[in-house]
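Novice: Following this message is one structure expressed as structure tokens.
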Amino acid sequence: MLTKFETKSNRVKGLSFHPKRPWILASLHSGVIQLWDYRMGTLIDRFDEHEGPVRGVHFHSSQPLFVSGGDDYKIKVWNYKTHRCLFTLLGHLDYIRTVQFHHEYPWIVSASDDQTIRIWNWQSRTCVSVLTGHNHYVMCASFHPKEDLVVSASLDQTVRVWDIGALRKKTVSPADDIMRLTQMNSDLFGGVDAIVKYVLEGHDRGVNWAAFHPNLPLIVSGADDRQVKLWRMNETKAWEVDTLRGHMNNVSSVMFHAKQDIIVSNSEDKSIRVWDATKRTGLQTFRREHDRFWILAVHPEMNLLAAGHDSGMIVFKLERERPAFALSGDSLFYAKDRFLRYYEYSTQRDSQVIPIRRPGTPSLNQSPRTLSYSPTENAVLICSDVDGGSYELYIIPKDSVGRSDVVQDAKRGTGGSAVFIARNRFAVLEKSTSQVLVKNLKNEVVKKSSLPIPTDAIFYAGTGNLLCRSEDKVVIFDLQQRLVLGELQTPPFVRYVVWSSDMESVALLSKHTIIIASKKLVLQCTLHETIRVKSGAWDDNGVFIYTTLNHIKYCLPNGDSGIIQTLDVPIYITKVSGNTIFCLDRDGKNKAITINATEYIFKLALLRKRYDHVMSMIKNSQLCGQAMIAYLQQKGFPEVALHFVEDERIRFNLALESGNISVAVASATQINEKDHWYRLGVEALRQGNSGIVEFAYQQTKNFERLSFLYLITGNLDKLSKLMKIAEVKNNVMGQFHNALYLGDVKERVKILENAGHLPLAYITASVHGLNDIAERLATELGDNVPSLPEGKTPSLLMPPTPVMCGGDWPLLRVMKGIFEGGLESADRGGTVDEEDGEGDWGEELDINVDGMENRDIEDILAAAEAGEEENDEDGGWGGLEDLELPPELDTPKASANARSSVFVTPTQGMPISQIWSQKSSLAAEQAAAGSFDTAMRLLHRQLGIKNFTPLKSMFLDLFNGSHSYLRAFSSSPVVPLAIERGWSESSSPNVRGPPALVYDFSQLDEKLKSGYKATTSGKFTEALRLFLSILHTIPLVVVETRREVDEVKELVTIVKEYVLGLQMELKRREMKDDPLRQQELAAYFTHCNLQTPHLRLALLSAMGVCYKAKNLATASNFARRLLESNPVENQAKMARQVVQAAERNMTDATKLNYDFRNPFVICGSTYVPIYRGQKDVSCPYCTARFVPSQEGNICTVCDLAVIGADASGLLCSPAQVR
Amino acid sequence: MASMAGPDHLFNLRNHFYLGAYQAAINNSEIPNLSQEDIVERDCLVHRAYIALGSYQLVISEIDEAAATPLQAVKLLAMYLSSPENKESTISSLKEWLADPTVGNNATIRLIAGTIFMHEEDYNEALKHTHSGGTMDLHALNVQIFIKMHRSDYAEKQLRVMQQIDEDHTLTQLASAWLNLAVGGSKIQEAYLIFQDFSEKYPMTSLILNGKAVCCMHMGNFEEAETLLLEALNKDAKDPETLANLVVCSLHVGKSSSRYLNQLKLSHPEHVLVKRGASAEDNFERALQSFA
């Protein structure tokens, strides 16, 4: 049981959940009805008008009403908004036990000790029906949620089901109320509106409670015989199905759960019991120490229950509703119902992965609590409370599209919690010994480690680390080093641990607290919530976004928090991505909520002192509000706040706070109030801005302060002006002050005289030696001339000369507001970019330097190479044994060592290269294996190759490319590893494949293309080099399929034609002085099998050469062939001209050894035509033809094979051998 | 299975060393509160790290006569590697040590003996001293010796012993990666995952990068291997394995390998690749002779 809320009060006899709001009504034995907010845990209201206990209470499903019934025989209908009892329904003659609104009609059903059940119309405020038949107290009565039925329970030991169909018809039909009123009396005893449908007998004592199933034809009842009975009904009858025994005292109340297949009952035996409704077995019992239970209530929508007892009530859930989930990159794994599901954030695709429970298995408190996922192994750990804490390990099959419903046999184990700590390792907590077992995916224990603190839960804390939780503390423990990496005191029971994606920060969530700490558990901030914290996730900026029961909130790294938005129902955040919050709701559905992140992004920018960012947000003025201003002020950014505010008074205050005098003056002018001027003056004085001080004083006509200001600034002109003003205003005191400040004795005397203080005037005048005035005054005073003190030397009181006259104080340092700073840095954006650009340049320079260094190195290397080449002859490494020696030669000597008396060194195994060499009949593989002689023999046999020198580098490359080098143990020799060809995930180990070869067919294709390109652009030497290298590589190429073999063979002939052609063309260019031979070679070239564009070029050149040599007939032949090949326009034009020229004079100036009418091949070394029918010999490899005299020589085309030698043919694929 | 208590102070140092972060091992060797035993082990690791970095003379001069036996053994290794021309005398003094019953059983001496005899390609002699194991280092060395002898069956047995001692030990993981690479097939992927795990858990070293690259090569993915190796080259431009593997990789992707090869020849003329290449050339000439 998860208690959500508890109250202490008088005995609770009635309870009702509000269908929408988090409210519950509790009616008490004392007569008070309480309205609680169980989410906030506050008493909202109390209604105290009943006399004596109130036993029944019920909320209306849509109106702001509730009904109550008490021992004062009264049914009261209340409006909770206006806090008023709207009216009272009178009629019952004894205590009222229960009251209930109808879900649809304006009816109330009530059950009373007067043995009747009454149905009331609360709109007409009349009783519409009285259901009689019970012959003892009716303890409870309620409407069926859908049908026209009422169920009641009575101490007469029966449960009755009443049919109220007739009553409904009457209501629906427009029959008037008056008719019904008259009818009512006749109905009172044996009316027809409601008739008893079934009487359910079976209880041996009085029945206290009966309730319908929300959607099945079932009734459950509880009685003083301590039994709970389950009844079924159909159209015609009802019968007892089963009895649930277990309560030790009277059963008070019993109900079906709204969402699950369970029955909940409570009793005077101080227990609440949960029963499986299908199997009719007890599932759970919750006991209280001293309180008898009296009433139960089920929330109509949510998974909530409430129970009233002797000293209050509790609101509770039977099990947690938080779906277990685990996040992995873009995907979320979570458990819903009996399936593991998968959700992809980017596509918002949701799919079922595997079933994790068989259908029909009991689910109460068996559902997964936590989930841990290993992406590499695709394994999921599911922890639940089954058997007091256990885990299941599932490996998700690769091809699981998830349609299969076969529950795989998971690997199981018991343990407090289990969590992956590495790709293929998970830790299981053994609570009793405070140890963790590290297990592999076969569920075998790999390692045991005792934990540094008594731990009751473990969480992931980075690879190989665990976060261990005890009641008031968490530590991060490195399992390998067995070291505590960090430790933190926490409020009781951290429930969830949320790591930021970079694993640098962690949020520890407990019931009412969030702690943000670094990865070493250094406390960053603590946040207290009055409402339960539910979930959280880190956003990309390092802000922690979390939910409470009813809010989405944020927490900045410094601990500042705020509300983002409110929630109707609790959600569990799984991921935050930009403005989108992904969450799971209580039904296990994935949702994406878009939030307004402006506020916290702004605060974050302020916090991180990213003023440019702040600035741009201010400019776009996306946020405002008193809260933000207060925040800015509080955080010491009044000057920033200043820019949000329109209200002059607030502007003024902020300006003063930030010392921004000019804004303050502007605001003060606008406001124009004495107080503001005064405060402006104070601030201006503080800053020494005397101009503003003067202005402020002038505005408020504060002459005293003004004169003092003028005095200290030495502004005597203004001071005397002020004196005049005072005179005009008849302000004697002010006038006198000013005169005193000015040191103007005459004026002072005059003032005193005018004010009638003649004695004072006299003294002043005489002291300061104004004798004539003194005499005049003395005469006026007559006898009253005061005596002057004697023996004192008077001096004139003159104000000191000010150190500095007027002007504002020079301020030592103009405080640069961060705001201006922000502006500047925003401007600086551009320059920063420029700097970046320079950086790039710098880097480029570096690269240049590198390049030079490399070149240097190259030089050195080249030199070294040269040196080595010189040394080559006396080289001769002894390292060949490794490859060549048969294993027998290396038989170990018998070990004679004492230590190893039983140990016999195993014989060496066969190196893989040797296996290759034994297995293969392909020359390339032999070469890769290092068996060069075998390779050569093969090539000789297959292709008649005798000249291997051109193949040397290929042999060496193949050999070099056949092994990789693994540095294993430090300072020990490196391990060469044979690289095999054709690896796939499913290759079995220890079965050796053929060697990986450095040449493949696709490379040759590339080479062919660049050969063509070189030919087109006329780089014949280059082209020849490329084609030759193809020809030289082909004997060492291996392909997989027969089709490819044909392609390889085709390639040989293609390339051979080009090699021959290019060789002739190059030869032709050498023979400048032999035009005849030149023409012949050009002509032969056109008979090589070339690509059309190349053929055109060859024809063009042959045509040109012959035309120049006046062999017009031959030239026109080339021209015609050229025209046939569909050339480009300028080539065609030239060809046509040649044809035209030739037509006029179809002769040849010289006789060439060239007859285009007669088919021929060209000898590859003498370059003469071998016409059809003449004898020839050919190269066994490249198939070039030769005149018979060449037999036995090395082929001049491929430079490899012996002309006319016997050969079995190209073998370049294992497919040919099979 | 191992159930241990108490913090392992040398864990990080050892890890750095095994994973080829030698400088990091040296830099982080000042650890407070070490027991006498730990101090000797620490010093051995530090000096072995110096050896791995090629600072043989430093090791030879720093370890004096008074130093503990294991350190003396480490010094022998430094001497052996620093002057191949004097290796006979080094080996004979090694043999003297081994014959001495008081110190001959010391794990470090046996480890060094195994290493030196492995260099001598005298696997029989090497195993004579190492086969009985005793430390993770010795077992790991055995795995390597057996791999060198192409006896993966024996290597696997050694590995199983290591797994029983501590399956998650860095050396166990490394050794199983070596073996996985040696037996090939689907095991290559497991080897890759092991190196991948290391790269996620610890700072990248050229040893880890090379390990990953070798796996990639064996899986036929030479492009990725090349990328990894270039990253390794950035870390250490003279690392012989990086250069050697780059030679192989370049050959497979059809690029020129001569620069890497020349660099390797210059900086590490004794490297296997260089030796193999030279012997292969010889071999070629010899084979050519038979056709002349």
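Novice: What is chain A's relative contact order, in percent, from Cα pairs under 8 angstrom and six or more apart in sequence? Display every interim value, and only then the final one.
Specialist: Values: 2402 pairs, mean separation 42.7, N = 1218.
Relative contact order, chain A: 4 percent.
Novice: Hey, what number do you get for chain B at 222 nm if only DSSP H runs of n ≥ 4 count, each worth -39500 (n - 2.57), divided across all residues, to the nearest 500? Provide the component values of the computation, followed by the final result.
Specialist: Details: 17 runs with 214 residues, N = 292.
My calculation for chain B gives -23000 deg cm²/dmol from helical runs alone.
Novice: What ranking do A:922-928, A:1043-1049 get when scored by the average of other Cβ atoms within 10 Å per residue, highest first? Display every interim value, and only then the final one.
Specialist: Details: A:922-928: 28.7, A:1043-1049: 15.0.
Descending mean neighbour count gives A:922-928, A:1043-1049.
Novice: Ok, one more. Just to be sure I follow: if Rg is taken over the C-alpha atoms of the range A:1084-1183 and Rh is the Kirkwood radius over the same atoms, what is Rg/Rh? Write down the numbers at each step before the final one.
Specialist: Numbers: Rg = 14.7 Å, Rh = 14.4 Å.
Looking at the range A:1084-1183, the ratio lands at 1.02.
Novice: Now, a different point. How far apart, in nm, are the 7 Å Cα→Cβ label points at A:Ile453 and A:Glu1006?
Specialist: Here the modelled spin labels are 5.9 nm apart.
Novice: Which whole-number value in Å³ per residue fits the convex hull of the alpha carbons of the range A:494-617? The partial results should precede the final answer.
Specialist: On the way: hull volume 12.1 nm³, N = 124.
Spread over its residues, the Cα hull of the range A:494-617 gives 98 Å³ apiece.
Novice: Here's another thing I want to ask about it. What does the convex hull of the alpha-carbon atoms of the range A:300-392 project to on average, in nm²?
Specialist: Values: hull surface 34.2 nm².
Average projection, Cα convex hull of the range A:300-392: 8.6 nm².
Novice: Kindly state, as a whole number, the per residue volume in cubic angstrom of the convex hull around the alpha carbon atoms of the range A:627-734.
Specialist: Working: hull volume 10.3 nm³, N = 108.
That works out to 95 Å³ per residue.
Novice: Just to confirm my numbers, what's the Cα centroid distance between the range A:733-792 and the range A:240-295 in Å?
Specialist: 106
Novice: Right, another one. Under unit Cβ charges (Lys, Arg +1; Asp, Glu -1), what dipole magnitude, rounded to 20 debye, does the protein assembly as shown have relative to its Cα centre? Could you put the intermediate results ahead of the total?
Specialist: Numbers: 159 positive and 182 negative charges, 991 e Å.
For this selection, approximately 4760 debye.
Novice: Could the peptides B:108-115, A:1140-1147 be put in order, highest first, of the mean number of other beta-carbon atoms found within 10 Å of their residues? Intermediate results must be reported in sequence, preceding the final value.
Specialist: Details: B:108-115: 25.9, A:1140-1147: 12.1.
Top to bottom by mean Cβ count within 10 Å: B:108-115, A:1140-1147.
Novice: Averaged over A:974-987, how many beta carbons belonging to a partner chain fall within 10 Å of each residue's beta carbon?
Specialist: Numbers: counts 10, 10, 6, 9, 5, 9, 6, 1, 1, 10, 4, 5, 2, 7.
Across the residues of A:974-987, the mean count of other-chain Cβ atoms within 10 Å is 6.
Novice: Within the range B:31-118, report the GluC sites (Glu not before Pro) that DSSP leaves as loop and that have at most 16 other Cβ atoms within 10 Å.
Specialist: Values: sites: B:Glu37, B:Glu41, B:Glu62, B:Glu65, B:Glu85, B:Glu88, B:Glu96; in loops: B:Glu65.
Those that pass, being in a loop and sparsely packed, are B:Glu65.
Novice: Express in whole angstrom the spacing between the alpha-carbon centres of the range A:1023-1061 and the range B:147-186.
Specialist: Here the two parts' Cα centres lie 44 Å apart.
Novice: Here is a follow-up. Return the FRET efficiency for the residue pair A:Lys20, A:Leu43: r is the Cβ-Cβ distance, R0 is 22 Å, and the value is rounded to the nearest 0.05.
Specialist: Numbers: r = 19 Å, r/R0 = 0.88.
With a Förster radius of 22 Å, E is 0.70.
Novice: Hey, fewest Cβ within 10 Å first, where do A:Ile618, A:Ile75 land in order?
Specialist: A:Ile618, A:Ile75
Novice: With a Förster radius of 41 Å, plug the Cβ-Cβ distance of A:Ile563 and B:Asn33 into 1/(1 + (r/R0)^6) and report the FRET value to the nearest 0.05. Don't jump to the answer; show the numbers that get you there.
Specialist: Details: r = 49 Å, r/R0 = 1.20.
Here the calculated transfer efficiency is 0.25.
Novice: I'd like the Karplus ³J(HN,Hα) series for the range B:233-246: coefficients 6.51, -1.76, 1.60, θ = phi - 60°, whole numbers in Hz, and an x wherever there's a Gly or Pro.
Specialist: Working through the residues one at a time gives 5, 4, 6, 8, 6, 10, 4, x, 5, 4, 5, 4, 5, 5 Hz.
Novice: Compute the label zone of A:His512 within the range A:1-22: residues whose backbone N is under 19 Å from the point 7 Å along Cα-to-Cβ.
Specialist: The answer is A:2-9, whose backbone nitrogens lie closer than 19 Å to the label point.
Novice: While we're looking at this one, here's another question. Sorted from largest down, give the three principal axis spans of the alpha carbons of the range A:911-1070, whole angstrom values.
Specialist: That gives 61, 35, 32 Å along the principal axes, largest extent first.
Novice: Evaluate the distance, in nm, between pseudo-label points positioned 7 Å from the Cα of A:Phe87 and of A:Leu523 along their respective Cα→Cβ axes.
Specialist: With each label point 7 Å from Cα toward Cβ, the separation is 6.1 nm.
Novice: Sticking with this one: If you take every residue apart from A:Gln115 with its C-beta less than 13 Å away from the C-beta of A:Gln115, what net charge results, scoring Lys and Arg +1 and Asp and Glu -1?
Specialist: On the way: positive: A:Arg97, A:Arg118, A:Arg160; negative: A:Asp94, A:Asp113, A:Asp114, A:Asp156.
Net charge in that neighbourhood comes out at -1.
Novice: Ranking A:Ile751, A:Ile354, A:Ile44 by Cβ neighbours within 10 Å, fewest first, what do you get? If you can, show how the numbers build up before the last one.
Specialist: Values: A:Ile751 25, A:Ile354 21, A:Ile44 13.
Exposure proxy ranking, most exposed first: A:Ile44, A:Ile354, A:Ile751.
Novice: Determine the shielding of peptide A:951-962 by partner chains: average, over its residues, the number of Cβ atoms on other chains within 10 angstrom of each Cβ.
Specialist: 5
Novice: List, largest first, the extents of the alpha carbons of the range A:624-682 along their principal axes, each in whole Å.
Specialist: Principal-axis extents of the Cα atoms in the range A:624-682, largest first: 28, 18, 16 Å.
Novice: Taking only the alpha-carbon atoms of the range B:40-83, what semi-axes of the equivalent ellipsoid follow from 5 times the gyration tensor eigenvalues under a square root, in whole Å, largest first? The partial results should precede the final answer.
Specialist: Values: eigenvalues 42, 26, 13 Å².
Each semi-axis is the square root of five times an eigenvalue, giving 15, 11, 8 Å.
Novice: Helix check for chain A. Which DSSP H runs span at least 27 Å along their own axis by Cα, with a mean Kyte-Doolittle hydropathy no less than 0.0? Provide the component values of the computation, followed by the final result.
Specialist: On the way: long enough: A:818-871 (74 Å, -0.88); A:1042-1070 (42 Å, -0.60).
Qualifying helices, which must be both long enough and hydrophobic enough, do not occur.
Novice: Can I ask one more? How fast does the range A:193-312 diffuse by Stokes-Einstein, in µm²/s, taking the Kirkwood radius from C-alpha pairs at 20 °C and 1.002 mPa s? Provide the component values of the computation, followed by the final result.
Specialist: Working: Rh = 14.5 Å.
Once the numbers are plugged in, D ends up at 147 µm²/s.
Novice: Turning to a different aspect of this structure: What is the extension gain from A:Asn672 to A:Glu289, computed as 0.36 nm multiplied by their sequence separation minus the C-alpha to C-alpha distance, in nm to one decimal?
Specialist: Contour length minus Cα-Cα distance gives 130.8 nm.
Novice: Taking 0.36 nm per intervening residue step and subtracting the Cα-Cα distance, what contour gain separates A:Lys1133 from A:Glu1050 on full extension? Intermediate values should be presented prior to the final figure.
Specialist: Working: separation 83, 0.36 × 83 = 29.88 nm, distance 3.48 nm.
Stretched out fully, the A:Lys1133 to A:Glu1050 stretch lengthens by 26.4 nm.
Novice: To continue, here is another question. Could you tell me which of B:Leu81, B:Val59, B:Val40 has its Cα farthest along the dipole of the range B:40-83 towards the positive end, charges placed at Cβ (Lys, Arg +1; Asp, Glu -1), taken about the Cα centre?
Specialist: Checked the options; the winner is B:Leu81.
Novice: Throw me the Rg/Rh for the range B:185-284, computed over C-alpha atoms with Kirkwood Rh, two decimals.
Specialist: Numbers: Rg = 13.9 Å, Rh = 13.9 Å.
Here Rg/Rh amounts to 1.00.
Novice: Shifting gears a bit: Just report the Cα centroid separation between the range B:15-58 and the range A:907-945, whole Å.
Specialist: 45
Novice: May I pose another question? Mind giving me the nanometre distance, one decimal, between the label points for A:Gln1174 and A:Gln408, set 7 Å out from Cα along Cα→Cβ?
Specialist: Using points 7 Å along Cα→Cβ, the separation is 7.5 nm.
Novice: Partner chain Cβ atoms within 10 Å, averaged over the residues of B:146-153 - can you pull that number for me? If you can, show how the numbers build up before the last one.
Specialist: On the way: counts 3, 5, 10, 9, 10, 6, 3, 3.
Across B:146-153, the average partner-chain Cβ count within 10 Å equals 6.
Novice: What FRET efficiency do you get for A:Lys1013 and A:Thr1092 if R0 is 25 Å and r is their Cβ-Cβ distance, rounded to the nearest 0.05? Don't skip to the answer; put the middle values down first.
Specialist: Details: r = 15 Å, r/R0 = 0.60.
Computed FRET efficiency for A:Lys1013 and A:Thr1092: 0.95.
Novice: Then there is this: For chain A, count all C-alpha to C-alpha pairs, find those more than 62 Å apart, and express that count as a whole percent of the total. Write out the running numbers ahead of the final one.
Specialist: On the way: 387884 of 741153 pairs.
Across chain A, Cα pairs with separations above 62 Å total 52 percent.
Novice: Distances longer than 32 Å among the Cα atoms of chain B: what percent of all pairs is that?
Specialist: Details: 11875 of 42486 pairs.
Cα-Cα pairs of chain B separated by over 32 Å account for 28 percent.
Novice: Taking the mean number of other Cβ atoms within 10 Å as a proxy for protection, how do you rank A:777-789, A:661-673, A:1023-1035 from highest to lowest? Walk me through the numbers before you get to the answer.
Specialist: Numbers: A:777-789: 12.0, A:661-673: 17.8, A:1023-1035: 21.9.
Output ranking for A:777-789, A:661-673, A:1023-1035: A:1023-1035, A:661-673, A:777-789.
Novice: Only helical DSSP H runs with n ≥ 4 go in: add -39500 (n - 2.57) per run for chain A, normalise by residue count and round the 222 nm mean residue ellipticity to 500 deg cm²/dmol.
Specialist: -9500 deg cm²/dmol
Novice: Treating only the Cβ atoms of Lys and Arg (+1) and Asp and Glu (-1) as charged, compute the dipole magnitude of the range A:46-165 about its Cα centre; round to the nearest 20 debye. Don't skip to the end; give the middle numbers.
Specialist: Working: 11 positive and 13 negative charges, 81 e Å.
Here the range A:46-165 has a charge dipole of around 400 debye.
Each value in this text was obtained by applying a stated rule to the coordinates, not by laboratory testing. Note that this is a predicted model, so its numbers are computed, not measured. Positions of Cβ are backbone-derived with ideal geometry, glycine not excepted, and every protein chain shown enters the neighbour counts.
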